[in-house]
Amino acid sequence: MIAIEVHLDADTAATMARDVRDGLLAEPKELAPKYFYHERGSQLFEQITELVEYYPTRAERSILAERSAEIVAAAGSPRSLVELGSGSAAKTRHLLDAMRDAGCLHTYVPVDISEEITHETAGMLVEEYPGLAVRGLVCDFEQHLERIPDGEGGRLVAFLGGTIGNLYPSARRDFLARLAALMGPEDRLLLGTDLVKDPARLEAAYDDAEGVTAEFNKNVLEVLNRELGADFDLDAFEHVARYDAEEARMDIRLRSLAAQTVQLDGLDLSVEFAADEEMRTEISSKFTYEKLARVYGEAGLAISGWFTDADCDYALSLAGPA
Ligand code: SAH
Ligand code: AVI
């Protein structure tokens, strides 16, 4: 059974228009990373996950492959798996397998802003897991978190891939606090976080030799061209990926290669870029156990499980209402 609710409506379009206008008029300019993930953006992200330099996906997959049974047992053998930013749910199969083997698997709730990939993923999963109910939500999880269905028999809310790292600390705190308020005493959060490490490895992971991450980054301009009638010339910008050690985060930007004016007909807006001006398109925060325990504490959550890969590059943690 598949039921997918789509909450990308006039409100969402208005939010995008407002966000982009505010971001382009801000000093320095900035765009939100959620706008990466239109059709081609989701495909480019899938390619990133296969790059030699991009270790987070492999590291998270190895933890899930080895420890999903333990994670599911520690989460109380829930009937529902809710997944925020589910994308292709490639690694999620390990959790679904473990839930099926434990005899508790009933419902999967993918929550993602990309409509295409959510439909595709739902279709594949009902084939792969006979009897599975898929109740998907296509929405902005920051805007529509409260639409996640209640779960009888406990829910495991998975937020994988390190996507929490793409939120600024204040948005992250609000988001986790809202999530904590939605969780019953039996529910658990399974959170994927990339860990602090050698800056050279981090910078390579976000600036691969093949240029896939550069294409992913620049593709956000194509999204604005299509959705907001903009005339960004993608060749007039270059990809920049720097590690900010003080903030413990990757700082991803687009640098304007020349002085230029961009017209956004859909916003009735014209924007000047100076030569070498940089516009931030994403942050990707890196964590330690201590930082994460603090982040959970501030949101009313308490850590109850910590699972890392063999090289301690990446962590999955379990948390529940404090
Ligand atoms: N969980 C997958 C995909 C991570 S990529 C993995 O670990 O590989 C980030 C995913 O989050 C994308 O599928 C993107 O569409 C989704 N996403 C990003 N911002 C979002 C938002 N604000 N609301 C809902 N989904 C979002
Ligand atoms: C989805 N998110 C966790 C990725 C990350 O690593 O921050 C997005 C990404 N951006 C560039 N490469 C990957």
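The values are calculated or read from the model by the stated rules, or taken from the named source; none is laboratory data. Keep in mind that what you see is a predicted model, and the values were worked out from it rather than measured. Positions of Cβ are generated from backbone atoms using ideal geometry, with glycine treated the same way; all protein chains shown enter the neighbour counts. Accessible surface areas use protein heavy atoms only, side chains included; no ligands, DNA or RNA. Shrake-Rupley method; radii C 1.70, N 1.55, O 1.52, S 1.80 Å.
Things to note:
- Using a probe radius of 1.4 angstrom, the carbon and sulfur fraction of the accessible surface of the chain is 48%.
- Rounded to the nearest 20, the size of the Cβ-charge dipole of the chain about its Cα centre is 1180 debye, with Lys and Arg at +1 and Asp and Glu at -1.
- Nearest 10 degrees, 0 to 90: helix 39-48 Cα axis against the chain principal axis: 70 degrees
- Förster radius 30 Å - calculated FRET efficiency between Trp306 and Asp244, Cβ distance, rounded to 0.05: 0.75
- Karplus-derived HN-Hα couplings along segment 166-182 (A = 6.51, B = -1.76, C = 1.60, θ = phi - 60°), whole Hz, x at Gly and Pro: 7, 9, 5, x, 6, 5, 5, 5, 4, 4, 5, 5, 5, 5, 4, 5, 7
- Label-point separation, Glu116 to Ala14 (7 Å along Cα→Cβ), nm: 2.8 nm
- With R₀ set to 22 Å, the beta-carbon distance separating Ala171 from Asp276 gives a calculated FRET efficiency near 0.15.
- Note that the chain presents 42 Å² accessible area per residue, ligands and nucleic acids not counted, probe 1.4 Å.
- The slack in the chain from Leu234 to Arg40, taken as 0.36 nm per residue of separation less the alpha-carbon distance, amounts to 68.4 nm.
- Here the label points at Glu222 and Glu298, each 7 Å from Cα along the C-beta direction, are separated by 3.6 nm in the simple model.
- Counted residue by residue at 0.36 nm each, then reduced by the alpha carbon distance between them, the extension gain from Ala69 to Gln47 reaches 5.1 nm.
- For the chain, the residue among Ala17, Tyr289, Ala89 whose Cα projects farthest onto the positive side of the dipole built from Cβ charges is Tyr289.
- Taken over the C-alpha atoms, segment 93-138 has Rg and Dmax values of 10.6, 31 angstrom.
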